[in-house]
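Peer 1: Quick one: structure below, then a few questions.
The values are calculated or read from the model by the stated rules, or taken from the named source; none is laboratory data. It should be emphasised that the depicted structure is a prediction, and the values quoted were computed from it without experimental measurement. Glycine also receives a Cβ, built like all others from the backbone with ideal geometry; neighbour counts cover every protein chain displayed. Just the protein is used for accessible areas: all its heavy atoms, side chains included, with ligands, DNA and RNA removed. Shrake-Rupley method; radii C 1.70, N 1.55, O 1.52, S 1.80 Å.
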Amino acid sequence: MVPRYARPAMTALWEPEAKYRIWFEIEAHATQKLADLGVVPESAAKALWDWWATDPEIDVAAIDAKEAVLKHDVIAFLDWVAEQVGPEARFMHQGMTSSDVLDTTLAVQLARAADILLEDLDLLLAAIKKRAEEHKYTPTIGRSHGIHAEPVTFGLKLAQAYAEFSRNRERLVAARREIATCAVSGAVGTFANIDPQVEEHVAQELGLEPEPVSTQVIPRDRHAMFFSTLAVIAGSIERVAVEIRHLQRTEVLEAEEYFAPGQKGSSAMPHKRNPILTENLTGQARMIRGYAMPALENVALWHERDISHSSVERFIGPDATITLDFALARLTGVIDKLLVYPERMQANMDRMGGLIHSQRVMLALTQAGVTRDNAYRLVQRNAMKVWESDGRQSLLDLLKADDEVTAALSDEELEEKFDLAYHFKHVDTIFARVFG
């Protein structure tokens, strides 16, 4: 985790003290249910909860010191709690194994992280929707292969982003449900030394579902899906970031990141206004996607368990969620303050002498009886003259001067094919599909 790219609420989920508090809750809830079942004395559960009610400070350093000797983090924690609670603490962890604590805790952390990310997505979606409605009919050029294609609106560009992040939200809801499972099944997951009712109780108290078959660890296909979902969201972030970066290029300059008063873009060139936020988002997206592959490789553990996944998850759990939380918030800010230049969009559309209307002319020729191949040839030969003149010639003028074209279409019919509004007649339909 890099503090530069971290926000407090998400970071707090992964602090050692927060982890140990979840560990305690798992142990205390399990002990409570064991007491209800008559396996351990009621006084054991009461002692744990009475101590917890004092809102004790978790001495992370003391637990770490014990782990340095014991070489086992869960035992170190249990020993420290026992020193605080007293003899009744000996009934903690009855029939449980370390993975019951560790895996269930990770499930809690990832579920809570997902809740924060869902809030982030809601804020991003709101920002995108606001700007999409603002620019619903702002004409701009659509590009394929980076080359002018046909007109769109800037609102449609944003509507596409809204639809994509709406799908991402649905994916994250599914991934949260997938990851939010609890395992308190003991060694190799057979419940030999602990009643399944304990697992059910712990799951209910922590807002989880019991894992159907835990094999001592929660199966890592769940985690693979979760981190893969984060990677897909990161890809969508980069898609928007790259679009903005391209639009901010000097020769395009149709949209631009907000440049604050007093901000400096270059240590050498005072004129620079660089897309640093979206470039940064591209880099963060690369990192988040990078965390998905180790999660996929964690699926294949040995037999009922090994711990090859453990070190991986100590990295990717905090890093992926913290980085994505930051990236979503940053993208929301970029969208909210994005500078949009409709006049430049129009100027860019007009730059190439009306080439963007070529398809309409070709289709009109076919409807007038010209074969498609000939229609394509007639329009292309005139379009290439415009292209080679760098837009100084007009496609409409050239078509009007082409005897083969005018034999099929009148000047008035040709002019009608250069109407920009034609391309936007279904914008309302698309917006209704996206925004409802």
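Peer 1: Near Lys385, which lysines are there with a Cα under 25 Å away, not counting those fewer than 8 places off in the same chain?
Peer 2: The qualifying lysines are Lys400, Lys417.
Peer 1: With the crude spin-label approximation of a point 7 Å out along Cα→Cβ, what separation in nm comes out for Ala163 versus Ala62?
Peer 2: Label-label distance for Ala163 and Ala62, simple model: 5.9 nm.
Peer 1: Tell me, what % of the accessible area of the stretch 1-146 is carbon and sulfur with a 1.4 angstrom probe?
Peer 2: Summing carbon and sulfur atoms, their accessible area is 54 percent of the total for the stretch 1-146.
Peer 1: On a 0 to 90 degree scale, rounded to 10, what angle separates helix 196-206 from the longest Cα axis of the chain?
Peer 2: 50 degrees
Peer 1: How charged is the neighbourhood of Asn348? Take every other residue with its Cβ under 12 Å from the Cβ of Asn348, and add Lys/Arg as +1 and Asp/Glu as -1.
Peer 2: 0
Peer 1: Give the accessible surface of the chain per residue, rounded to a whole number of Å², with probe radius 1.4 Å and ligands, DNA and RNA excluded.
Peer 2: Value returned for the chain: 48 Å² of accessible area per residue.
Peer 1: Next up: Could you tell me how many degrees, from 0 to 90 and to the nearest 10, lie between the Cα long axis of helix 98-134 and the main elongation axis, the longest principal axis, of the Cα atoms of the chain?
Peer 2: 30 degrees
Peer 1: Jot down the per residue volume, in cubic angstrom and as a whole number, of the convex hull over the alpha-carbon atoms of the stretch 268-377.
Peer 2: Hull volume over Cα atoms, normalised by residue count, gives 277 Å³.
Peer 1: How big is the stretch 1-137 on each of its three principal axes, counting only the C-alpha atoms and giving the largest first in Å?
Peer 2: So the extents along the principal axes, rounded to whole Å, are 72, 35, 27.
Peer 1: Which length gain, in nm to one decimal place, applies between Ala401 and Met287 when the Cα-Cα distance is subtracted from 0.36 nm times their residue separation?
Peer 2: 35.4 nm
Peer 1: Now for a different question. Using heavy-atom solvent-accessible surface (probe 1.4 Å) with all chains present, what is the largest-first order of Trp23, Trp52?
Peer 2: Trp52, Trp23
Peer 1: When the helix-only estimate is applied to the chain (DSSP H runs of n ≥ 4, each -39,500 (n - 2.57), divided by the residue count), what is the mean residue ellipticity at 222 nm, nearest 500 deg cm²/dmol?
Peer 2: When only DSSP H runs of four or more count, the value is -20500 deg cm²/dmol.
Peer 1: Right, here's the next one. If you count, for each residue, the other Cβ atoms within 10 Å and average over each peptide, how do 361-371, 117-127 line up from highest to lowest?
Peer 2: Descending mean neighbour count gives 117-127, 361-371.
Peer 1: Carbon-plus-sulfur fraction of the accessible area of the stretch 163-296, 1.4 Å probe, in percent?
Peer 2: So the carbon and sulfur contribution to the accessible surface is 55 percent.
Peer 1: Below 8 Å, C-alpha to C-alpha, sequence gap of six or more: please give me the relative contact order for the stretch 1-120 in percent.
Peer 2: 33 percent
Peer 1: Right, here's the next one. Report, to the nearest 10°, how far helix 276-290 tilts away from the longest principal axis of the Cα atoms in the chain, using its own Cα long axis and a range of 0 to 90°.
Peer 2: For 276-290 against the chain, the angle is about 50 degrees.
Peer 1: Let me ask something else about it. What residues have an amide H closer than 5 Å to that of Gly142, excluding those fewer than 5 places away on the same chain, when H is modeled at 1.01 Å from N in the peptide plane?
Peer 2: Residues meeting the amide H criterion: Ala149, Glu150, Val152.
Peer 1: On to the next question. For Cα pairs less than 8 Å apart in space and 6+ apart in sequence, what is the mean separation divided by the residue count of the chain, i.e. the relative contact order in percent?
Peer 2: It comes to 17 percent, rounded to a whole number.
Peer 1: Using 5 Å bins from zero, what percent of all Cα-Cα pairs in the stretch 96-235 falls into each bin?
Peer 2: Result returned by the calculation: 2, 10, 15, 15, 12, 10, 8, 7, 6, 5, 5, 3, 2, 0.
Peer 1: Moving on to the next point. Could you order Met384, Met293, Met10 so the one with the most accessible surface comes first? Probe is 1.4 Å.
Peer 2: Met293, Met384, Met10
Peer 1: Right, another one. Only residues of the stretch 399-436 count here: report those whose backbone N is under 20 Å from the spot 7 Å along Cα→Cβ of Glu133, or say none.
Peer 2: Counting backbone N atoms under 20 Å from the label point, the list is 426-436.
Peer 1: Let me ask another. Reported to two decimal places, what Rg/Rh ratio describes the stretch 148-187 when computed on Cα atoms with Rh from the Kirkwood expression?
Peer 2: When Rh is taken as the Kirkwood radius, the ratio is 1.44.
Peer 1: Considering only protein heavy atoms and a 1.4 Å probe, what is the carbon-and-sulfur percentage of the accessible area of the stretch 342-388?
Peer 2: The nonpolar share, carbon plus sulfur, comes to 49 percent.
Peer 1: Counting Lys and Arg as +1 and Asp and Glu as -1, each charge on the Cβ, what is the dipole of the chain about the Cα centre in debye, to the nearest 20?
Peer 2: Its charge dipole is roughly 1580 debye.
Peer 1: Of all the Cα-Cα pairs you can form in the stretch 20-95, what percent are over 19 Å apart?
Peer 2: Counting every Cα pair in the stretch 20-95, those more than 19 Å apart make up 31 percent.
Peer 1: Using the Karplus curve 6.51 cos²θ - 1.76 cosθ + 1.60 with θ = phi - 60°, work out ³J(HN,Hα) for each residue of the stretch 213-228 in order, rounded to whole Hz, and write x for Gly and Pro.
Peer 2: Using θ = phi - 60°, the values come out as 9, 9, 6, 5, 10, 5, x, 7, 4, 5, 5, 4, 5, 4, 6, 5 Hz.
Peer 1: Compute the relative contact order of the stretch 173-308 as a whole-number percentage, counting only Cα pairs closer than 8 Å that sit 6 or more residues apart in sequence.
Peer 2: About 27 percent, as a whole number.
Peer 1: Follow-up. With Kirkwood's inverse mean 1/r over C-alpha pairs for Rh, give me the Rg to Rh ratio of the stretch 197-244, two decimals please.
Peer 2: Dividing the radius of gyration by the Kirkwood radius yields 1.27.
Peer 1: Give me the net charge for the shell around Asp419: Cβ to Cβ below 11 angstrom, other residues only, Lys and Arg +1, Asp and Glu -1.
Peer 2: +1
Peer 1: Keeping every protein chain in place, order Tyr422, Tyr20, Tyr376, Tyr291 by accessible area at 1.4 Å, biggest value first, i.e. largest first.
Peer 2: Output order, biggest surface exposure first: Tyr376, Tyr422, Tyr291, Tyr20.
Peer 1: While we're looking at this one, here's another question. Rounded to whole Å and sorted largest first, what semi-axes of the equivalent ellipsoid does the C-alpha gyration tensor of the stretch 361-436 yield via the square root of 5 times each eigenvalue?
Peer 2: 28, 16, 12
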